[in-house]
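The values are calculated or read from the model by the stated rules, or taken from the named source; none is laboratory data. Owing to the predicted nature of the structure, the values given are computational and were not obtained by experimental measurement. As a convention, Cβ positions derive from the backbone with ideal geometry for all residues, glycine included, and neighbour counts pool all protein chains shown.
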Amino acid sequence: MSDRLDRPKAEQRRPWHRRRKGSDRMGAATEGIARFLGTTRFLIYLTVFCIVWLLWNSFAPTNLRFDSAANGFTALTLMLSLQASYAAPLILLAQNRQDDRDRVAAEQDRQRAERSLADTEYLAREVASLRQAVGETATRDFVRSELRALLEELQQLDDEAAQRESR
């Protein structure tokens, strides 16, 4: 088959090649299963299943029974062992994925804290420089006193000018 020119080469991979998205979907699916295994609903379902199994194989007609109580319900024991053997690795996979998420979140928190610290230090320097600049500029009280002094001088000049005109 000739190469298709309307698709990038990445999409033409062989099915047995491992894809990143596929492995992530698989991880998410296994994590979902592991999360379900740890719920009350699963425990109730498993308990009901075992009770029905035991009741059926204890009280059903002999020709309809498929797991003998005389043999200690061997099939039930094997099924529960199989379920446990799959549950343990699924739980470990879910824990590993959670550890990875926690590690990424911790790194993001650390970076955010560094940025916050840098911003805080910058703002502290800016506030310090503003305080120095304010210390060198005139305050409101200083400007008022200077304006009062100018008004008094102008008043005196007006009084002197009025006295000269009256003479």
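Identify, from the list ARG103, ARG97, ARG112, ARG131, the residue that is basic (Lys, Arg), surrounded by 11 or more Cβ atoms within 10 Å (Cβ to Cβ), in the same structural domain as VAL48 (by TED's automatic domain parsing) and farther than 30 Å from VAL48 by Cα. I'd like the intermediate steps shown before the answer.
Working: ARG103 fails: surrounded by 11 or more Cβ atoms within 10 Å (Cβ to Cβ); ARG112 fails: surrounded by 11 or more Cβ atoms within 10 Å (Cβ to Cβ); ARG131 fails: surrounded by 11 or more Cβ atoms within 10 Å (Cβ to Cβ).
When all the criteria are applied, what remains is ARG97.
Regarding segment 75-85, can at least one residue be identified that is farther than 26 Å from GLY32 by Cα and not in a helix (DSSP H, G or I)? Can you show your working first?
Here is the first cut: in segment 75-85, the ones farther than 26 Å from GLY32 by Cα are 75.
From what is left, the residues that are not in a helix (DSSP H, G or I) are none.
Checked against the condition, which is being farther than 26 Å from GLY32 by Cα and not in a helix (DSSP H, G or I), segment 75-85 yields no hits at all.
Within segment 47-73, take every residue that is outside any loop (DSSP other than H, G, I, E, B) and either in contact (Cβ under 8 Å) with a residue 24 or more places away in the chain or of a type in the set (Ser, Thr, Tyr) (or both) and give me the one that is surrounded by the most Cβ atoms within 10 Å (Cβ to Cβ). Step through it out loud before you land on a result.
Of segment 47-73, the ones outside any loop (DSSP other than H, G, I, E, B) are 47-59, 62-64.
With the extra rule that they be either in contact (Cβ under 8 Å) with a residue 24 or more places away in the chain or of a type in the set (Ser, Thr, Tyr) (or both), the set shrinks to 47, 50, 58, 62.
Values: THR47: 10, CYS50: 14, SER58: 12, THR62: 6.
The selected residue is CYS50.
With the checklist (1) under 26 Å from THR30 (Cβ atoms); (2) in contact with a Leu (Cβ under 8 Å, 6 or more places away or on another chain) in hand, flag the one item LEU54 doesn't pass.
Only one criterion in (1) under 26 Å from THR30 (Cβ atoms); (2) in contact with a Leu (Cβ under 8 Å, 6 or more places away or on another chain) is unmet by LEU54, namely (1).
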